[in-house]
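I'd like to ask some things about the structure below.
The values are calculated or read from the model by the stated rules, or taken from the named source; none is laboratory data. Values in this document were obtained by computation on a predicted structure and should not be read as measured data. So basically every Cβ, Gly included, is an ideal-geometry build from the backbone, and we count neighbours across all protein chains shown. These area figures cover heavy atoms from the full protein model, side chains too; ligands, DNA and RNA do not enter into them. Shrake-Rupley method; radii C 1.70, N 1.55, O 1.52, S 1.80 Å.
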Amino acid sequence: GEGDAGGCPPLEGAVLGEVVTRFPPEPSGYLHIGHAKAVMLNEYYARRYKGKLLVRFDDTNPSKEKDEFEENILKDLETMGIKPDMVSHSSDHFGECEKLAKKLLAAGQAFMDDTDQETMREERQERKPSRHRAQDPKQGLELFEKLLKGADPEAKKWCLRAKIDMASDNGTLRDPVLYRGNDTPHHRTGTRHKAYPTYDFVCPIVDSIEGVTHCLRSTEFNDRNAQYHWLQGAMKLRTVRIWEYGKVNFVNTVLSKRKLQWFVDNCAAGSADSAVGKGKVDPKSLAVEGWFDPRFPTVQGCVRRGVTMQALRKFMVMQGASRNIVWMEWDKFWSLNKDEFEPSAPRFMGVAAGNATPFKLSGGDVPSMVGLDAASRTVPSVPSDPTSAPRAMRVSDQVLVEAEDAQLCKVGDRVILLMWGVVEVTKVFTDDPKNPGKVTGLEGVRQPEASVKKIKQKLNWVAQTGDLVTAVVKEFDHLITKPKLEENEDFVDFLNPHSTGSMPMLVEPALATLEEGQVVQLVRRGFFRCDKPASPEGPLELVLIPDGKKSSMSSLSTALPHH
């Protein structure tokens, strides 16, 4: 409805029930959060006006496209809850594109050109027409047929250009290229075609043919809008309205598919050696796993890092269809994301495995546990919500606490074992000859009746039982260190040598059955998403979900040093 529009104003010329929008991804990479804004805006308007959303694969460049990318784009759309009314391909319309190209040639509105790329670039900058601009349409058609057939090696040097306006201040109107030869087999049509239309040529044609009423594109296409309208007019196609919105950029993040492909190709653990930038960081040391790496801004990377699609949608609708290009801090997004699971994610206990300190308990309800390896008590899965589902929590007369917490305990101190109750410390052991002063163990007495008020020390802990689970906790940071790269700066010079870290933790036995994608909170340590469930092949792997805070709330050791 109109009320939840956020920054999404009404579409000009929209008729209820007749609006058709489209999202045209090129299958040359996985979807990233920049694409998420595009597809969510298109979907928002299609649904708001009870119209249709088309997803069209812009498969016009066989050199960069793969089935793998197309399959993953469809998977990503499903993850985002996007259900298109129709899925098509630009390649479905190559026959029509060829016919329309011939019409332009016959009408003297296009010509064939064999000027090399470098000279063509210079001529366009100098507004100097090509020597072939006044070509006879008949000759142009013959050359175009040869280009399409691909048999004549000489014909491959030629391309088709529109004849618009070489004197224009708008560079995109200076006779743009509409068709190029390419022998690379196409991932759908194989070797049927030997020349392919450019995106700029296909887009106005297929938008018109497929019934698109509103073409939503980001403001970086601003100059190309005049070209889009000229082409539709020259080919006598139904006109489509263009509606512009500002691109979303995130600090410390590369959204270019070309740059993300560089990370995939050069930064995997086993990649061949590649040039080291000015920052002296070996790309291989980043150990990038692929397009789904949790440090990637791809939908799949974001999901592994703990992004919820509800938060992503809220965030994008808040950005809305504004034409301003925004540079977003990740903090705002993470803080919004945290709101999605804070009320419902079950709370569990875990302690760093490295120096976990034993704490022997007696008194209160402890004697009934002595000698049992599986004593438990019932607690609400979200302590702040008494209506949350109850769960069993393992307890014992011997628990493990964080080394940093044990170090602060003195005899006579009262501490709270969170989700259990008050304990008075009766003994502190410092019997490590190599580390005088280091606390190696504690003893204490449970005080079930004691009030928790005024007690500052609150400890996370785990019962030291035979079925304790060892988990690997992973934490991630940005792949590049500079928030905004200037035009002349190379991202390879700003690789972050500390973008990933991991550490072992001992966690409650209940987490042995955690499934991939489930989110839990480890008390005092943050929210984590299960990246890999525990299995005979390997331990439980948990990814720390950022919460938008600049530094950790607690003094506990972490997998990555906090900034």
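Assuming residue 205 fulfils every condition listed in (1) open to solvent by 50 Å² or more (accessible area, probe 1.4 Å); (2) assigned to a helix (DSSP H, G or I) apart from one, which condition is it?
Result: residue 205 passes all but (1).
Let me ask something additional. Report every pair of residues separated by at least 6 positions or lying on different chains whose Cβ atoms are under 6 Å apart, first residue within the stretch 359-384 and under 23 Å from residue 427 (Cβ atoms) and in contact (Cβ under 8 Å) with a residue 40 or more places away in the chain, second among the small types (Gly, Ala, Ser) and in a loop (DSSP other than H, G, I, E, B).
No pair meets every condition.
Going by the conditions given, is residue 151 over 37 Å from the mean Cα position of the chain (by Cα), small (Gly, Ala, Ser) and crowded, with 22+ Cβ neighbours inside 10 Å? It would help to see each step written out before you state the result.
Numbers: over 37 Å from the mean Cα position of the chain (by Cα): yes; small (Gly, Ala, Ser): yes; crowded, with 22+ Cβ neighbours inside 10 Å: no.
So residue 151 fails the test.
So which residues in the stretch 366-396 are in contact with a strand residue (DSSP E or B) (Cβ under 8 Å, 6 or more places away or on another chain) and hydrophobic (A, V, I, L, M, F, W, C), if there are any at all?
Across the stretch 366-396, the qualifying residues are 366, 374, 375, 379, 382, 389, 392, 393, 395.
Within the stretch 161-179, restricting attention to residues that are of a type in the set (A, V, I, L, M, F, W, C) and under 37 Å from the mean Cα position of the chain (by Cα), which residue is least open to solvent (accessible area, probe 1.4 Å)? First the steps, then the outcome.
Residues of the stretch 161-179 of a type in the set (A, V, I, L, M, F, W, C): 162, 164, 166-167, 173, 177-178.
Still in the list and also under 37 Å from the mean Cα position of the chain (by Cα): 173, 177-178.
Values: 173: 28, 177: 18, 178: 1 Å².
Only one residue fits best here, namely 178.
Still on this structure, please answer the following. Given the criteria at pLDDT 95 or above, more than 29 Å from residue 323 (Cβ to Cβ) and open to solvent by 70 Å² or more (accessible area, probe 1.4 Å), does residue 188 qualify? Steps first, answer last, please.
Details: at pLDDT 95 or above: no; more than 29 Å from residue 323 (Cβ to Cβ): yes; open to solvent by 70 Å² or more (accessible area, probe 1.4 Å): yes.
So residue 188 does not fit the description; no.
May I pose another question? Are any residues in the stretch 136-153 farther than 19 Å from residue 234 by Cβ, in a helix (DSSP H, G or I) and either touching a residue at least 40 places away in the same chain (Cβ under 8 Å) or in contact with a Lys or Arg (Cβ under 8 Å, 6 or more places away or on another chain) (or both), and if so, which ones?
147, 148, 149
Please give the number of the condition residue 228 fails out of (1) under 14 Å from the mean Cα position of the chain (by Cα); (2) more than 23 Å from residue 484 (Cβ to Cβ); (3) of a type in the set (Phe, Trp, Tyr).
Going through (1) under 14 Å from the mean Cα position of the chain (by Cα); (2) more than 23 Å from residue 484 (Cβ to Cβ); (3) of a type in the set (Phe, Trp, Tyr) one by one, residue 228 breaks only (1).
Return the only residue of 301, 290, 277 being part of a loop (DSSP other than H, G, I, E, B), modelled with pLDDT of 90 or more, out of contact with any strand residue (DSSP E or B) (no Cβ under 6 Å at 6 or more places or on another chain) and open to solvent by less than 50 Å² (accessible area, probe 1.4 Å).
On the way: 301 fails: part of a loop (DSSP other than H, G, I, E, B); 277 fails: modelled with pLDDT of 90 or more.
Of 301, 290, 277, the one residue that is part of a loop (DSSP other than H, G, I, E, B), modelled with pLDDT of 90 or more, out of contact with any strand residue (DSSP E or B) (no Cβ under 6 Å at 6 or more places or on another chain) and open to solvent by less than 50 Å² (accessible area, probe 1.4 Å) is 290.
Assess whether residue 413 counts as being farther than 26 Å from residue 556 by Cα and either surrounded by 14 or more Cβ atoms within 10 Å (Cβ to Cβ) or at pLDDT below 95 (or both).
Details: farther than 26 Å from residue 556 by Cα: no; either surrounded by 14 or more Cβ atoms within 10 Å (Cβ to Cβ) or at pLDDT below 95 (or both): yes.
Against the criterion (farther than 26 Å from residue 556 by Cα and either surrounded by 14 or more Cβ atoms within 10 Å (Cβ to Cβ) or at pLDDT below 95 (or both)), residue 413 does not qualify.
Of the residues that make up the stretch 239-255, is at least one under 27 Å from residue 545 (Cβ atoms), open to solvent by 20 Å² or more (accessible area, probe 1.4 Å), in a loop (DSSP other than H, G, I, E, B) and of a type in the set (Ser, Thr, Tyr)?
Narrowing the stretch 239-255 to residues under 27 Å from residue 545 (Cβ atoms): 247-255.
From what's left, open to solvent by 20 Å² or more (accessible area, probe 1.4 Å): 247, 249, 252-253, 255.
Going one step further and asking which of them are in a loop (DSSP other than H, G, I, E, B), we end up with 247, 252-253, 255.
If we keep only those that are of a type in the set (Ser, Thr, Tyr) as well, we get 253.
Checked the stretch 239-255: at least one residue is under 27 Å from residue 545 (Cβ atoms), open to solvent by 20 Å² or more (accessible area, probe 1.4 Å), in a loop (DSSP other than H, G, I, E, B) and of a type in the set (Ser, Thr, Tyr).
Yes/no per residue for (1) in contact with a strand residue (DSSP E or B) (Cβ under 8 Å, 6 or more places away or on another chain); (2) over 20 Å from residue 98 (Cα atoms); (3) among the acidic types (Asp, Glu):
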| residue | (1), (2), (3) |
| --- | --- |
| 177 | yes, no, no |
| 190 | no, no, no |
| 201 | yes, no, no |
| 221 | yes, yes, no |
| 235 | no, no, no |
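Right, here's the next one. Test residue 34 against the stated conditions and say whether it is modelled with pLDDT under 95 and within 29 Å of residue 325 (Cβ to Cβ). Spell out the reasoning first.
Working: modelled with pLDDT under 95: yes; within 29 Å of residue 325 (Cβ to Cβ): yes.
For residue 34, the condition - modelled with pLDDT under 95 and within 29 Å of residue 325 (Cβ to Cβ) - is met.
Tell me yes or no: at least one residue of the stretch 438-451 is exposed (fewer than 14 other Cβ atoms within 10 Å of the Cβ), free of Cβ contacts under 8 Å to residues at least 60 places away in the same chain and not charged (D, E, K, R). Outline the logic, then answer.
Start the filter on the stretch 438-451 by keeping residues that are exposed (fewer than 14 other Cβ atoms within 10 Å of the Cβ), which leaves 448-449, 451.
Still in the running and free of Cβ contacts under 8 Å to residues at least 60 places away in the same chain: 449, 451.
In the following step, the residues that additionally are not charged (D, E, K, R) were identified as 451.
Yes; the residues of the stretch 438-451 include at least one that is exposed (fewer than 14 other Cβ atoms within 10 Å of the Cβ), free of Cβ contacts under 8 Å to residues at least 60 places away in the same chain and not charged (D, E, K, R).
OK, next. Exactly one of these conditions fails for residue 402: (1) open to solvent by less than 20 Å² (accessible area, probe 1.4 Å); (2) more than 22 Å from residue 436 (Cβ to Cβ). Give me its number.
It fails just one condition, (2).
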